[in-house]
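Down below is the structure, laid out as structure tokens.
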Amino acid sequence: MCLCPFVPLCLSSQKIGLFLPVAGIIPALNHRENLGSMFDFECIGNLHIHSVHSDGKATVSQIADSAAKVGLDFIIINDHTYMADALYLEEEGFYGKVLVLVGSELGVRFHHYLAFDLKQRIAEHNLPPQKMVDEVQSQGGFGFLAHPFEKGMPFAEKSVAYTWNDLSVTGYQGICLWNFMSRWKERVRTILHGFFFLYFKTQLLKGPSRETLEFWDQKCQQQRMSVIGGSDAHGTEFKWGPLNLTPFTYEYLLNSITVHLFLKNRLPKVLEEAKREVYGAIKEGRLFIAHDNLCPSKGFRFDFISNDGSDLYMGEEGEFREGSLVVEIPADGEVRMVKDGRVVGKWRQREVMYEPRERGVYRVEAYRRLFPFGWRPWIFSNPIYLR
């Protein structure tokens, strides 16, 4: 265990928060044992996966096998509705130890929407954005804006991007903050760029775009807004002249941008119960997003431990009160505390205890130092809202 040295004041000129000494950390970590007993089970999965039912290259069973190889607890298939002839809910279930759930990706040219907990296929294509959100809600489902600000690949795709243009819509659960394929392909301007960034695909992956982060931080000032991450896995073959290869296998992508949910109990083995637990955690934002190919992130924690016992988890909202934001990362790295979209503290250690002095929306980013590439994006938490 690496405990933090005493640092008397973080950003003292702004008096935003207090970074506490070791003596203050020990009681809080002891208190966390009780806090953790509520949501003590970490469940790791991958979202936004495509199968042969749309433009993916593998069956659901094959994808589940890949998920098992990288140690995932669950995956969610989001095939393009306009390419699929059914929702294929009958393929939901446990494939060995891996839970497979089925959602959809709605939208054609623009406004792609990751829909979850649907009861039937939404057959109409090119729905207006608000109508799309409303249709999902009418089934008791929920959804996230997919890659809303992506840029596209300059080389092979001529920078065609599937953006979300109507930001006036309401009723959606949140946004996909970090999409592996969207962020990887933006840098590929030539075939040489492609080979370079393919070789260093793990080391040089960009984090969420500044535009996406700013949009999310602004929305969080108005309301709770959950974020997820996804692989956008297709298993697509790349053909260029005589060259034919699969740049990104399912096995690689399923361990790229993962989501780590927190549950009160172990994932149930009954499908409907397991589905309810997974979707409940996603809706509440009781999760963090991580680039697990960079470094396994299991064991990350971010909680608010109040002096009066009114504790909060990631995704939860409460009245501002005295207490501490406690962060633990499972490997060496840099922890950044973000308040209302602005970094208010940085620490290069595994445990941080930060005492907020102001109301605000607090979230955590963690980075790993990778020679010679510098600090690489690793973990992004959902916020804790201290109103």
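Values quoted throughout were computed directly from the atomic coordinates according to the rules given, and no laboratory measurement underlies them. Not measured: the values here are computed from a predicted model. Backbone-built Cβ (ideal geometry, glycine too); neighbour counts: all protein chains shown.
See the values below:
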| quantity | calculated |
| --- | --- |
| Neighbour-count ranking [beta-carbon atoms within 10 angstrom, fewest first] of Leu101, Leu167 | Leu167, Leu101 |
| Choice from Pro330, Pro296, Pro372 with maximal GNM fluctuation in the chain (Cα, 10 Å cutoff) | Pro372 |
| Set of lysines with alpha-carbon distance to Lys269 below 26 Å, sequence-local pairs under 8 removed | Lys69, Lys97, Lys119, Lys283, Lys298 |
| Cα-centre dipole for the range 210-261 with unit charges at Cβ (Lys and Arg positive, Asp and Glu negative), debye to 20 | 100 |
| Kirkwood Rh and Cα Rg combined as Rg/Rh, the chain | 0.96 |
| Burial ranking of peptide ranges 38-44, 149-155 (average Cβ count within 10 Å, highest at the top) | 149-155, 38-44 |
| Rough spin-label spacing in nm, given labels placed 7 Å along Cα→Cβ, for Gln218 and Asp308 | 3.4 |
| Added length on full extension, which subtracts the Cα-Cα distance from 0.36 nm per residue, Val160 to Glu251 | 30.1 nm |
| Rounded to the nearest 20 debye, dipole of the chain from Cβ charges on Lys, Arg, Asp, Glu | 1220 |
| Most mobile of Leu370, Leu89, Leu145 in a GNM of the chain (Cα contacts under 10 Å) | Leu370 |
